[in-house]
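First comes the structure, then the notes that go with it.
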Amino acid sequence: MKKLLQTCLLLLMPLGVFASAGMELEDADIDLSNKKSLENGAHLYVQYCLGCHSTKYIRYLNIADDFDIDQEEILEKVAPDGAGIYDKMLSAMNAHDAKKWFGTKPPDLSLIARSRGADWLYSYLRGFYIDTKKPLGVNNTVFPDVGMPNPLWQLQGTQEAIYENIDGQNVITELTLVEQGTMTPEEFDQAVNDIVNFLVYAGEPIQEERRSMGKYVLFFIFMFGLLAYLLKREYWKDIH
Ligand code: HEC
């Protein structure tokens, strides 16, 4: 019994960590029909994330086809220099170096939006703050003690945490921008939202098609049902 209680407590501990951050997840505004946002998200992803993270199930060709954008434009504006249209979105960083530098290998992000969710990603990318006690000098509100540096600090600037004493515990209630980056906070939120939009697309590239196909499937079921009903009425007409 004691063991069971201990296990339950251990399982609940991560919840405690999130609760102690004192901040809730922010809502991402996901719209997979917004091709401009997806293209910008892919562009920012290549610039700021691909150095460490692959998205190995996506090729540049998929992006061109799915976003209805010319292949030349994708090669010019999205893909890194020298990449071909058939190339997968693979990071050039090797696992050995990554382990040495960050203590862990940056995971492939193909399915991250499905495991973490869009709101988590949106809050994570906006949730870095200065913490001089950490080896990288930063910490994160939704991923405490994270081993990833803030990849977007030049765009965002630097944030500091505001702590409040709640029930005898020092918890973070807010982050404030102490030095603005190259973007205004609104522009930065939009940029992060575009990256998350792209990662949601990467998690299930067929999503838009599936949704639009759903309408036809429902229409077919409805028409077929109607036909079957009329047929049934016709057959049973003379049976009493
Ligand atoms: C300098 C290398 C580097 C860059 C650039 C980088 N990351 Fe990371 N990222 C890491 C490392 C290392 C981890 C693992 C952190 C850990 O487990 O403590 C990580 C973890 C993550 C995670 C959490 C994965 C999980 O465990 O759930 C997400 C999400 C993520 N990165 C997204 C991004 C995005 C989006 C970008 C671009 C805006 C980006 N990263 C840029 C190194 C990087």
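What to note about this one:
- Cβ-Cβ contacts under 7 Å between residues 6 or more apart (or on different chains), taken from a first residue in region 75-101 that is farther than 19 Å from ASP65 by Cβ to a second residue that is of a type in the set (D, E, K, R) and assigned to a loop (DSSP other than H, G, I, E, B), are listed as ALA95/LYS105; ALA98/LYS105; LYS99/LYS105.
- For region 105-146, the set of residues classified as of a type in the set (A, V, I, L, M) and near the ligand (Cβ under 7 Å from one of its atoms) consists of LEU109, ILE112, LEU121, LEU125, VAL146, listed by residue number.
- Look at (1) of a type outside the set (A, V, I, L, M); (2) surrounded by fewer than 16 Cβ atoms within 10 Å (Cβ to Cβ); (3) not in a strand (DSSP E or B) and you find that PRO205 fails only one, number (2).
- Identity of the residue in region 41-74, in contact with a Phe, Trp or Tyr (Cβ under 6 Å, 6 or more places away or on another chain) and touching a residue at least 40 places away in the same chain (Cβ under 8 Å), that ends up nearest to ASP29 (Cα to Cα): GLY41
- Among the residues of region 224-240, none qualifies, meaning not one is open to solvent by less than 100 Å² (accessible area, probe 1.4 Å), part of a helix (DSSP H, G or I), under 14 Å from ASP31 (Cα atoms) and of a type in the set (A, V, I, L, M, F, W, C).
- Residues in region 147-172 that are more than 15 Å from the ligand (Cβ to nearest atom), hydrophobic (A, V, I, L, M, F, W, C) and either closer than 30 Å to ALA98 by Cβ or outside the structural domain of MET183 (by TED's automatic domain parsing) (or both): ALA161, ILE172.
- For region 118-147, the set of residues classified as in contact (Cβ under 8 Å) with a residue 40 or more places away in the chain, surrounded by fewer than 20 Cβ atoms within 10 Å (Cβ to Cβ) and among the small types (Gly, Ala, Ser) consists of GLY147 only.
For (1) within 16 Å of the ligand (Cβ to nearest atom); (2) closer than 19 Å to GLU204 by Cα; (3) in contact with a Pro (Cβ under 7 Å, 6 or more places away or on another chain); (4) at pLDDT 95 or above, each residue gets a yes or a no:
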site: ASN40; (1), (2), (3), (4): yes, yes, no, yes
site: HIS43; (1), (2), (3), (4): yes, yes, no, yes
site: SER54; (1), (2), (3), (4): yes, yes, no, yes
site: ASN62; (1), (2), (3), (4): no, yes, yes, yes
site: LEU75; (1), (2), (3), (4): no, no, no, yes
site: VAL78; (1), (2), (3), (4): yes, no, no, yes
site: MET89; (1), (2), (3), (4): yes, yes, no, yes
site: LYS100; (1), (2), (3), (4): yes, no, no, no
site: GLY103; (1), (2), (3), (4): yes, no, no, no
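- Failed item in (1) assigned to a strand (DSSP E or B); (2) open to solvent by 40 Å² or more (accessible area, probe 1.4 Å), with PHE219 passing the rest: (1)
The values are calculated or read from the model by the stated rules, or taken from the named source; none is laboratory data. Keep in mind it's a predicted model, so treat the numbers as computed, not measured. Ideal geometry is used to build each Cβ from the backbone, glycine not excepted, and the neighbour counts take in all protein chains shown. Calculation scope for accessible area: heavy atoms of the full protein, side chains included, ligands and nucleic acids excluded. Shrake-Rupley method; radii C 1.70, N 1.55, O 1.52, S 1.80 Å.
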